[in-house]
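Here is the structure we will look at, set down as structure tokens.
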Amino acid sequence: MNTEFMFFIQLVVSGIALGCLYALIAVGFVLILKATGIMNFAQGEVIMLSAFICYFLVTTFHVPFLVAVLLTGIIAGLMGIVTERLILRPMLGEPIFSVVMVTIGLSIFLRSMAGILFGHNNLVFPSPFPTEAVKMGGIVVSQTEIWIMLSSLVLAAVFFIFFKYSRMGLAMRGTADHQDVALLMGISVKQVFALIWAVSFITAAASGVFLANVMVINLGLSVVAIGAFPAIVLGGLESIPGAIVGGLAIGIIENLAGGYLDQIIGGGVKDVTPFVVLFLVLMIRPYGLFGKKEIERV
Amino acid sequence: MLKVNNIEVVYNDVILVLKGISLEVPDGAVVALLGANGAGKTTTLKAISGILDSQNGELEDGQIEFMGNPIHRLDPDRIVKKGITMVPEGRRVFENLNVMENIKIGAHTRTDRRQVKRDVEKTFDYFPVLEGRKDRLAIFLSGGEQQMLVICRALISKPKLMMLDEPSLGLAPLLVKEIFAMLRVVNDKQKTGILLVEQNARVALNFAKYGYIMENGKIVLDGPTDLLVKNKDVKEFYLGVTDKMEKKSYAQVKHYKRRKRWLS
Ligand SMILES: Nc1ncnc2c1ncn2[C@@H]1O[C@H](COP(=O)(O)OP(=O)(O)OP(=O)(O)O)[C@@H](O)[C@H]1O
Ligand SMILES: [Mg+2]
């Protein structure tokens with residue numbers, strides 16, 4: 001097959017792996033946004049903390065990798081419940097803007113805590129995935145990328161089944177539509193919110209663990225969450241399928257732009273592409289691919 | 001079955017909306033609550049359902065008893081579990097759920113999952129048109145179908161008492177008839193008590209055995225409906241044909257505004 005085409009496929013495949021990460025981070029944001037109308041600005045810190053937690057479980061405590069991932073997920077879930085209970089619930093009924101400010105406060109608090117607990121050094125995660133890449137008909141994929149794609153697929157399936165078929169999943173979707181009517185159905189909206197924060201933080205933990213495998217771990221890891229914003233906006237803010245499609249699309253576009261344009265312009269294109277897309281989406285189609293045309297909440 | 005004793009409700013800590021309401025729904029009875037716009041009918045139902053908190057309202061005084069137990073301090077989910085379900089005004093379906101899911105979500109408090117499946121089929125017997133649309137998103141139903149849907153959604157929780165807030169609002173007369181015929185069957189067969197709030201006094205007084213009339217947060221008149229329909233004031237103010245159409249459209253406009261506010 002011709003090499004031009006193989007190069008394209010290669011870029012798309014690594015773009016998908018990158019897109020899975022964006023999608024995962026975006027879903028974490030969108031879950032909370034959709035159910036409660038709150039943009040949680042501490043999401044990045046949860047990702048960063050999870051990476052640290054997983055790192056120390058594996059290195060200092062010699063916990064096997066999979067168990068460490070599971071424990072990290074549980075810890076993140078509990079953090080979600082505690083956050084909802086101690087910080088968000090007292091803010092119930094306050095303007096959304098104040099609540100969002102509180103999440104910004106939380107992000108600063110968590111980052112300082114992480115600094116105190118885990119230090120300011122760069123750490124390298126002892127990746128459990130073999131370093132040799134897999135060759136498939138001319139394209140090269142790292143094993144880490146393969147695992148990221150497979151796990152994301154499994155997570156997406158679990159999400160789908162949960163929201164489509166489980167009683168609590170249905171209650172969550174109903175609550176996202178109309179909180180006041182959900183109350184009348186006998187749904188404990190408090191419980192739903194606690195669960196949403198838990199699920200969202202667990203999603204953040206998953207992305208944290210993946211990121212730990214592809215990047216150095218330090219306090220700056222929390223910034224990657226901002227990288228998911230273009231995906232969220234492209235997906236339409238309050239749609240979970242939208243966040244997934246948006247994440248994948250941004251990952252692929254970013255990689256393609258990097259692969260083709262960086263040679264010409266000389267670097268840096270890859271990193272700005274998502275934000276160029278963000279800008280274009282906001283101008284042309286501000287409600288994104290899956291969003292409602294009018295946005296009721298502000 | 002339900003006893004509301006002298007309740008007072010305040011919104012936003014200042015606006016006294018219910019100024020001592022008392023009413024009673026005997027076991028399996030059908031009771032109507034009538035009154036002009038803004039009288040406080042919806043607020044009364046919300047107080048019973050326990051959802052005032054979430055709307056900046058508060059029960060300042062009085063008690064609400066259900067089957068002999070006080071319920072006015074319970075969370076709304078506990079109240080639903082005790083057997084009171086409310087059908088809110090304005091056909092509040094879950095737009096992004098399909099018809100089937102809208103009904104299933106009404107069974108949230110039930111633990112007998114298998115029986116729920118069978119009961120969902122049974123509710124379709126009441127309104128066969130819904131069965132043909134069971135995979136459709138509720139947002140794409142007609143107004144009448146949405147009203148049927150919210151009634152089914154309430155029924156699936158197997159309530160002992162069902163409270164309906166203006167179910168006839170904006171529906172064609174034929175459909176109003178059909179819905180009330182269905183409610184009659186539910187009341188007869190399952191002995192479900194019904195507390196009905198209506199603007200359409202003619203329909204309500206015809207349907208209920210006993211009626212309360214509210215004005216400005218107070219009950220001003222109550223009695224068996226066959227006596228109420230003969231009352232001179234009731235005839236003039238509630239059964240007068242001339243101004244009824246105006247009232248209806250006004251109610252819709254107002255409702256729309258209120259919904260907006262709660263969403264934000
Ligand atoms: N959430 C709220 N906050 C403040 N005031 C409210 C709220 N909800 C209702 N009110 C006020 O309380 C009064 C009674 O309202 P309610 O909705 O109970 O009337 P209603 O009898 O159901 O009227 P309608 O026939 O128009 O539905 C009105 O004056 C209304 O403006
Ligand atoms: Mg009303």
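The values are calculated or read from the model by the stated rules, or taken from the named source; none is laboratory data. Remember, it's a predicted structure, so these values are computed and weren't measured experimentally. As a convention, Cβ positions derive from the backbone with ideal geometry for all residues, glycine included, and neighbour counts pool all protein chains shown. With ligands, DNA and RNA removed, areas are computed over all heavy atoms of the protein, side chains included. Shrake-Rupley method; radii C 1.70, N 1.55, O 1.52, S 1.80 Å.
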- Item | Relative contact order [Cα under 8 Å, 6+ residues apart], chain A, whole percent | 36
- Cα lying deepest toward the dipole's positive end in chain B, options B:Met100, B:Met1, B:Leu164, charges on Cβ: B:Met100
- Query: Accessible area of A:Leu92, 1.4 Å probe, to the nearest 10 Å²?
  - Reply: 100
- Message: Could you put B:Asp112, B:Asp13 in order of accessible surface area, largest first, with the 1.4 Å probe and the full protein assembly present?
- Response: B:Asp13, B:Asp112
- Based on Cβ point charges of +1 for Lys and Arg and -1 for Asp and Glu, what charge dipole magnitude is obtained for the stretch A:17-221 about its Cα centre, in debye rounded to the nearest 20? 260
- Message: Let me confirm one metric for peptide A:172-182, namely the mean number of other chain beta-carbon atoms within 10 Å of its residues' beta-carbons.
- Response: 6
- Note on the structure: Burial-style ranking of B:49-55, A:122-128, average other-beta-carbon count within 10 Å with highest first, yields B:49-55, A:122-128
- Query: Taking the Cβ of A:Met185 as the center, what net charge do the other residues with Cβ under 9 Å away carry, scoring Lys and Arg +1 and Asp and Glu -1?
  - Reply: 0
- Query: From the residues A:Asn121, B:Gly217, A:Trp147, which one has its Cα farthest along the dipole of the protein assembly as shown in the positive direction, the dipole being from +1 and -1 charges on Cβ of Lys/Arg and Asp/Glu about the Cα centre?
  - Reply: B:Gly217
- Message: Charges at C-beta only: +1 for Lys and Arg, -1 for Asp and Glu. How large is the resulting dipole of the stretch B:45-158 about its Cα centre, in Debye rounded to 20?
- Response: 580
- Task: Compute the accessible area per residue over chain B, keeping the other protein chains in place, probe 1.4 Å, unit Å².
- Result: 47
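Rounded, prolate or oblate: which fits the protein assembly as shown, taking a ≥ b ≥ c as square roots of the Cα gyration tensor eigenvalues, rounded meaning a/c under 1.5, else prolate when a/b beats b/c?
The shape class here is prolate.
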- Task: Provide the solvent-accessible area of A:Trp147, counting protein heavy atoms only and rolling a 1.4 Å probe, rounded to the nearest 10 Å².
- Result: 120
- Message: As I understand it, the value is the acute angle between the Cα axis of helix A:189-214 and the longest principal axis of the Cα atoms of chain A; what does it come to in degrees, rounded to 10?
- Response: 20
- Query: Helix A:269-284 versus the longest principal axis of chain A: what is the Cα-based angle in degrees, 0 to 90, to the nearest 10?
  - Reply: 50
- Note on the structure: Output for the stretch B:1-81: trypsin sites (Lys or Arg not before Pro) sitting in coil per DSSP, at most 14 other Cβ within 10 Å, listed by number, reads B:Arg73
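Pull out the extension gain between A:Tyr165 and A:Ile81, defined as 0.36 nm times the separation in residues minus the alpha carbon to alpha carbon distance; nm, one decimal.
Full extension of this stretch gives 27.9 nm more.
On average, how many beta carbons from a partner chain sit within 10 Å of the beta carbon of a residue in A:183-196?
Per-residue shielding by partner chains comes out at 6.
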- Whole-number accessible area per residue in Å² for the stretch A:17-221, which is evaluated in the context of all protein chains at 1.4 Å: 43
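Quick one: of the DSSP bridges fully inside chain B, what percent are antiparallel, nearest 5?
Antiparallel bridges: around 55 percent, rounded to the nearest 5.
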- Message: Within the stretch A:73-115, what whole-number % of the accessible surface is contributed by carbon and sulfur, with the 1.4 Å probe and all protein chains included in the calculation?
- Response: 78
- Can you list which of the GluC sites (Glu not before Pro) found in the stretch A:53-147 are DSSP loop residues with at most 15 other C-beta atoms within 10 Å? A:Glu132
- Note on the structure: The B/A contact buries a total accessible area, at probe radius 1.4 Å and rounded to the nearest 100 Å², of 2400
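Can you compute the FRET efficiency between B:Lys117 and B:Lys209 using 1/(1 + (r/R0)^6), with r the Cβ-Cβ distance and R0 = 41 Å? Round to the nearest 0.05. All intermediate terms of the calculation are to be shown ahead of the outcome.
Numbers: r = 34 Å, r/R0 = 0.83.
For R0 = 41 Å, the calculated efficiency reads 0.75.
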- Query: With all protein chains present and a 1.4 Å probe, how do A:Asp177, B:Asp233 order by accessible area, largest first?
  - Reply: B:Asp233, A:Asp177
- Message: Give the aspartates and glutamates reachable from B:Lys189 as a straight Cα distance under 17 Å; neighbours fewer than 8 places away on the same chain don't count.
- Response: B:Asp27, B:Asp119, B:Glu121, B:Asp125, B:Glu178
- Please identify the longest segment of chain A free of exposed trypsin sites (Lys or Arg not before Pro), where exposed means a DSSP state other than H, G, I, E or B and no more than 15 other Cβ atoms within 10 Å. A:1-291
- Query: Which whole number gives the average, over all residues in B:89-100, of C-beta atoms from other chains lying within 10 Å of the residue C-beta?
  - Reply: 3
- Message: I need the helices of chain B that pass two filters: whole DSSP H segments spanning 20 Å or more by Cα along the axis, and mean Kyte-Doolittle score no lower than -1.0.
- Response: B:173-190
- Message: What does the C-alpha gyration tensor say about the overall shape of the stretch A:17-221? Classify as rounded when a/c is under 1.5, otherwise prolate if a/b is larger than b/c, or oblate.
- Response: oblate
- Message: For a quick check: with amide H placed at 1.01 Å from N, whose amide H comes under 5 Å from B:Glu215's, ignoring anything fewer than 5 positions away on the same chain?
- Response: B:Val220
- Could you give the dipole magnitude of chain B about its Cα centre, charging the beta-carbon of Lys and Arg +1 and that of Asp and Glu -1, in debye to the nearest 20? 660
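Per residue of chain B, what 222 nm ellipticity follows from adding -39500 (n - 2.57) for every DSSP H run with n ≥ 4, rounded to the nearest 500?
Details: 10 runs with 103 residues, N = 264.
Theoretical 222 nm ellipticity from helices: -11500 deg cm²/dmol.
With a cut-off of at most 14 other beta carbons within 10 Å, and DSSP calling the residue loop, which chymotrypsin sites (Phe, Trp or Tyr not before Pro) in the stretch A:37-82 qualify? Please list them.
Qualifying residues, ordered by number: A:Phe61.
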- Item | Of A:Pro241, B:Asn37, A:Phe29, farthest towards positive along the dipole that unit charges on Lys, Arg, Asp, Glu beta carbons give the protein assembly as shown | B:Asn37
- Message: Restricting to Cα pairs below 8 Å that are 6+ residues apart, what does the relative contact order work out to for chain B? Please round to a whole percent.
- Response: 25
- Among all the aspartates and glutamates, which ones have a C-alpha under 19 Å from B:Lys235's C-alpha, if same-chain residues fewer than 8 places away are not counted? B:Glu198, B:Glu215, B:Asp222, B:Asp226, B:Asp243, B:Glu246
- By how many degrees, 0 to 90 and rounded to 10, does the Cα axis of helix A:96-118 deviate from the longest principal axis of chain A? 60
